[in-house]
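Right, one structure below, let's go through it.
The values are calculated or read from the model by the stated rules, or taken from the named source; none is laboratory data. Note that the coordinates shown come from a computational prediction; the quantities given were computed from them, not determined experimentally. Note that we place each Cβ from the backbone using ideal geometry, even for glycine, and neighbour counts take in every protein chain shown. For the accessible areas, the whole protein counts, side chains as well, though only heavy atoms, and no ligand, DNA or RNA atoms are used. Shrake-Rupley method; radii C 1.70, N 1.55, O 1.52, S 1.80 Å.
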Amino acid sequence: CLEQFHTSVHIEKWLEWVPQLLAGLGSKEARVFHAILQTIGRVHPQALYFPIRNVYLTVRGEYQEVLARHKNLVEYNRNLPDGDPMKKEIPDQPPEFARLKPRMSWCNKLLHVLREIHPTMLNALESIIEHLHWMKDAWYDEVLQKLYTVIQMCETEAFEIDHRQDVLNVKISQQIYKYITGIMQYLNTVPANSRSRDASKQTTIKQRFEADFDFSNNQGKKLHKVLKTLKCWVKMLDKTQTNNSKNYMEERFTYLSKFCSSNAEVYLIGEFLNPKAHYVKIARFLPKTETIRKHSLTARRLFIRGSNGKVYPYLMVNTSSHVKLARSEERFLQLLRMFNKSLVQRKESCRRNLQWSVPKVVATAPTSRLIEDNTSNISVLEIYRWYCKNRTPEMEVDAPIAYYYEQLGR
């Protein structure tokens, strides 16, 4: 039925279902889904390029992980002596390849078709994505985000202890231990900065972090001590982030700073998530970028001027620590956009102008995404932070939580 009648459905109707169509490339009806996606790509290549690129990179990453795991298993099995009960026959290819290879093949075909039909646009999009990825968090921003996550894990564990009288003697869980060890490994893998002053500072921070989180003795594993040390590190890295909060594109991102509508007709990021009659194109990227903390994330804010003269702010967010959660959030936002269409059609909700406020979110890679920002929005937490900073400088932002935590140990 779908194969016979899919051509009678208007292309604009299919735009909302692109993620589901891409997921269908791994099913028996993959040929039909490929035909629908190819039709969408001929008319709206940008609506298809970002999702299919993300799916292709995700599947390819999973394919490489499975292949590496299979090679290690074959090598381990080969080194076992004959007659060992652990030795067994291993197939030439892992069973996961039957699921991953067809999806990679279909995605590759679609990308090839898009490059043949719209070479100029796709080259421009690829260059924009490459420069936007360079704009991702600096290494201290990434460490700061990981520290906020582990602090939340520590506080959650402290408040859920059954015997609250022993809160000062409780040790960190294995999950928190692995997370902090992962931060140490990340610091060791960060490439040294080209400038000698920054390189020496980076090395000093690595050494201090390893010294502060020395888990060789039992005292270093106590939850209250780890939590206190983590907060000290957050304060130190917060100052580093504040000193580097504003940058200009001309310094590093020459392609973005010189981009204009005459280079290629590229539409605003996420413009096709809401099908409509007229789509806004990118006129140019404004030179200023900012490092901010919003939505419990550290992000880089950039500004794009549209063809209608308006300025659209976007957040470049790193999602390497919660990739699966990021994809779930995007599907949930897709559902809210569909709810908005029903609310517009209802008399009472339309009369009151009731709608969900749904930002545009586009995954540019498995570990990064662009989020439409609204500079006029502010949360209660941001108001509280401003109050502590300007009205009561002597009061720490997390003072109430720290006070409650201290009272648990009494």
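Listed values, structure above:
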read-out: Two-site FRET efficiency, K281 against F5, from Cβ-Cβ distance with R₀ of 35 Å, rounded to 0.05; value: 0.60
read-out: Rounded to the nearest 10 Å², the accessible area of M104 at probe 1.4 Å; value: 40 Å²
read-out: Peptide ranges 332-345, 277-290 listed from the most packed, as the mean C-beta count within 10 angstrom indicates; value: 277-290, 332-345
read-out: Descending Cα extents along the principal axes, the chain, whole Å; value: 74, 71, 53
read-out: Dipole magnitude of the range 346-388, debye to nearest 20 (Cβ charges: Lys/Arg +1, Asp/Glu -1, about Cα centre); value: 300 debye
read-out: Length-normalised contact order for the chain - Cα pairs under 8 Å, 6+ apart - percent; value: 16 percent
read-out: Highest to lowest packing among 12-18, 379-385, 204-210, 36-42, scored as the average C-beta count within 10 Å; value: 36-42, 12-18, 204-210, 379-385
read-out: Most to least packed among 299-312, 68-81, 49-62 [average Cβ atoms within 10 Å]; value: 49-62, 299-312, 68-81
read-out: Accessible surface of the chain, 1.4 Å probe, proportion on carbon and sulfur as whole %; value: 53 percent
read-out: Inter-label distance, nm, simple model (7 Å from Cα along the C-beta direction), N217/S262; value: 6.9 nm
read-out: Entries of K225/K360; K294/K341; K201/K360; K276/K347; K171/K235 with Cα pairs more than 32 Å apart; value: K225/K360; K201/K360
read-out: Percent RCO, i.e. relative contact order, over the range 48-157, from Cα pairs under 8 Å lying at least 6 residues apart; value: 33 percent
read-out: Extended-chain gain in nm, criterion 0.36 nm per residue less alpha-carbon gap, T189 and E116; value: 22.4 nm
read-out: E29-K171 pseudo-label distance in nm [points 7 Å out on the Cα-to-Cβ vector]; value: 5.5 nm
